[in-house]
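Presented below is the structure to which this report refers.
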Amino acid sequence: MVKSLRFMAAALAMIGASAGANTPAAPASTKAAPDVEAIVSYETRHVMSSGITRVDTWQERLVRRGNQVWAERILPESAHDHDHEEREKKPEHVGHKHFNGDTAARWLSMQADGKVDVKYVDREHKAVVAIPRSEYGTVGFDGSYAAMANIVPAVLAKSMKAGASAGDAQWRTDKRDGWSHRVLWSESRQLAMKVESVRDDGSVRRLVTVQLKPVAAKAPWDQLAGYAQKRYDDFMD
């Protein structure tokens with residue numbers, strides 16, 4: 001699934017490249033975006049040369065409050081026991097605790113100096129794991145706070161061609177380099193409500209859909225009492 005996340009990150013990065021915009025870190029004086037809680041659905045469809053169409057779908061819970069954002073995969077109840085059993089069968093896992101970057105929640109904090117503090121929360125081992133920049137690629141993080149907090153960074157969405165409105169959001173489009181991109185951007189929420197990227201030959205289609213939810217009384221990072229504080233290299237053999 002890390003591979004699928006990288007595919008989606010690449011698609012969003014491609015929007016930025018097509019729009020000819022960069023994603024600088026937000027300065028400390030930037031007004032905070034409104035609080036958001038949502039379910040984000042991802043889908044990628046790839047028609048392979050063999051004629052087989054591969055479809056990957058998954059959902060995440062997104063929470064954004066002030067200068068912090070949290071994204072956590074939504075797993076079926078049956079997945080917890082099955083994944084644990086499969087790992088324990090492997091000899092290299094016996095007697096060891098291993099960090100699972102696929103299912104760990106991603107917790108980002110924007111610091112006053114514009115740097116991003118990156119932590120992954122491993123619920124299985126009840127650990128908050130600090131991720132150094134050198135390991136971003138290993139855990140499937142592209143390094144962009146805005147790409148997680150806004151789905152598509154505001155500077156990218158606003159650089160695209162404005163189109164029709166849909167409620168309080170507006171479609172933004174771009175077409176170049178063999179791809180077509182559409183972003184339904186909500187200025188009031190500072191959030192992309194839908195992202196569609198399609199390769200011109202129809203072989204690849206990527207879709208992101210945001211469903212807003214009521215903001216919970218407590219943020220997930222305020223519910224980590226008893227979790228150990230670890231570094232990523234603590235999980236290396």
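Arrange the following residues from fewest to most other Cβ atoms within 10 Å of their Cβ: SER165, SER41. Could you put the intermediate results ahead of the total?
Working: SER165 10, SER41 16.
So the residues, fewest neighbours to most, are SER165, SER41.
Please go through the residue pairs LYS115/LYS230; LYS158/LYS213; LYS119/LYS218; LYS115/LYS161; LYS119/LYS175 and name each one whose alpha carbons sit more than 28 Å apart in this structure.
Violating the 28 Å limit, Cα to Cα: LYS115/LYS161; LYS119/LYS175.
Given charges of +1 on the Cβ of Lys and Arg and -1 on the Cβ of Asp and Glu, with all other atoms neutral, how large is the dipole of segment 153-194 about its Cα centre, in debye to the nearest 20? Show your work: numbers first, answer last.
Details: 8 positive and 4 negative charges, 20 e Å.
With Lys and Arg at +1 and Asp and Glu at -1, about 100 debye.
In sequence order, what are the phi-derived ³J(HN,Hα) couplings for segment 208-225 according to the Karplus relation 6.51 cos²θ - 1.76 cosθ + 1.60 with θ = phi - 60°, rounded to whole Hz, with x for glycine and proline?
Once rounded to whole Hz, the list reads 10, 10, 10, 10, 5, 10, x, 6, 5, 5, 10, 6, x, 6, 8, 10, 10, 4.
How large is Rg/Rh for segment 155-212, to two decimals, with Cα atoms and a Kirkwood Rh?
0.98
Read the figures in this text as sums done on the coordinates, not as results from a lab. Please read these numbers as outputs of a predicted model, since none were measured by experiment. Don't worry about glycine lacking a Cβ; one is built from the backbone with ideal geometry, like all the others, and counts go over all protein chains shown.
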